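Rule-based calculations on the coordinates, nothing more; no lab input. Fair warning: this is a prediction, and the values are worked out from it, not measured in the lab. Cβ placement follows ideal geometry from the backbone for every residue including glycine, while neighbour counts extend to all protein chains displayed.
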Amino acid sequence: MDFEEVNIILFFTLNDIYPIATGRAGMLASNNPYVSFPFLRFRFKEKDKNDVIYSKIRDAVKDFKGLLSWEMITFDDVPNYLIVPTYVYSEGRPASGDLNEHLIAKYGENLYRKMIDQAIVDIPNLAKSIRDKFHA
């Protein structure tokens, strides 16, 4: 699977489960995957934020065993959910500053890049795990 397929597979997996209202399909910047941590921001069309569909996806994400641990989170002040590697918000939501810069300072450039490489390996398997849970 090439990088562009990896970058959008989770979006299309979720969109196959139920139509997505948000438009950003890629989890990483296509010109340089190290520019930002991997994430998918989404919400489903015509689904309340507390709909059971989100719990089912959250469980699939939490149960996924990959190179990294992953989670699906949301914040009270936004309508969307995020699927991110756990390390991204391990200390909670930052009050200010650039989150990528914070992560690079915390982990160092080499480990930060390694975790992005691990995410690129995990993403297709995470998508498969979610798909399998919904088609079981």
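Past 18 Å, Cα to Cα, is the threshold; run 56/114; 56/128; 56/133; 45/65 against it and keep the listed order.
Among 56/114; 56/128; 56/133; 45/65, the Cα-Cα distance tops 18 Å for 56/114; 45/65.
Give me the angle, in degrees from 0 to 90, between the Cα long axis of helix 3-17 and the longest principal axis of the Cα atoms of the chain, rounded to the nearest 10.
Helix 3-17 and the main axis of the chain meet at about 30 degrees.
I'd like the distance between the alpha-carbon centres of region 37-65 and region 100-131, rounded to an integer number of Å.
If you average the Cα positions of each part, the centres end up 18 Å apart.
For region 3-134, what's the relative contact order in percent, using C-alpha pairs closer than 8 Å and at least 6 residues apart?
Contact order relative to length: 30 percent.
Please give the helix 109-134 orientation as an angle from the longest Cα principal axis of the chain, in degrees from 0 to 90, rounded to the nearest 10.
That works out to roughly 10 degrees.
Could you work out [θ]222 nm for the chain from helices alone, using -39500 (n - 2.57) per DSSP H run of at least four and dividing by all its residues? Round to the nearest 500 deg cm²/dmol.
Calculated from helices alone, the mean residue ellipticity at 222 nm is -15000 deg cm²/dmol.
Among residues other than residue 75 whose Cβ falls under 15 Å from its Cβ, what is the net charge (Lys/Arg +1, Asp/Glu -1)?
+1
Residue by residue through region 53-63, which ³J(HN,Hα) values in whole Hz follow from phi under the Karplus form 6.51 cos²θ - 1.76 cosθ + 1.60 (θ = phi - 60°), with glycine and proline marked x?
My calculation for region 53-63 gives 4, 5, 5, 5, 5, 4, 5, 5, 5, 5, 6 Hz in order.
What spacing in nm lies between the two simple spin-label points modelled at residue 114 and residue 135, each 7 Å away from Cα in the Cβ direction?
Label at residue 114, label at residue 135, 3.5 nm between them.
Would you mind telling me which residue in 59, 51, 76 has the biggest mean-square fluctuation in a Gaussian network model of the chain, where springs connect alpha carbons within a distance under 10 angstrom?
Greatest mean-square fluctuation among the candidates belongs to 76.
For residue 18, enumerate residues with amide H under 5 Å from its amide H, sequence gap 5+ or separate chain, H modeled in the peptide plane.
Counting only residues 5 or more places away or on other chains, the set is empty.
Of 36, 90, 55, which is the most mobile in a GNM of the chain whose springs link Cα atoms less than 10 angstrom apart?
It is 90.
With springs connecting C-alpha atoms under 10 Å apart, model the chain as a Gaussian network and identify which of 93, 113, 58 has the largest mean-square fluctuation.
With Cα springs under 10 Å in the chain, the top fluctuation among 93, 113, 58 is at 93.
Rounded to the nearest 20 Debye, what is the dipole magnitude of region 3-134 about its Cα centre when Lys and Arg each give +1 and Asp and Glu each give -1 at the C-beta?
220
Using a/c under 1.5 as the rounded threshold, could you call region 40-110 rounded, prolate or oblate? The axes a ≥ b ≥ c are square roots of the C-alpha gyration tensor eigenvalues, and prolate needs a/b larger than b/c, oblate otherwise.
It is oblate, given that a/c is not under 1.5 and a/b is not larger than b/c.
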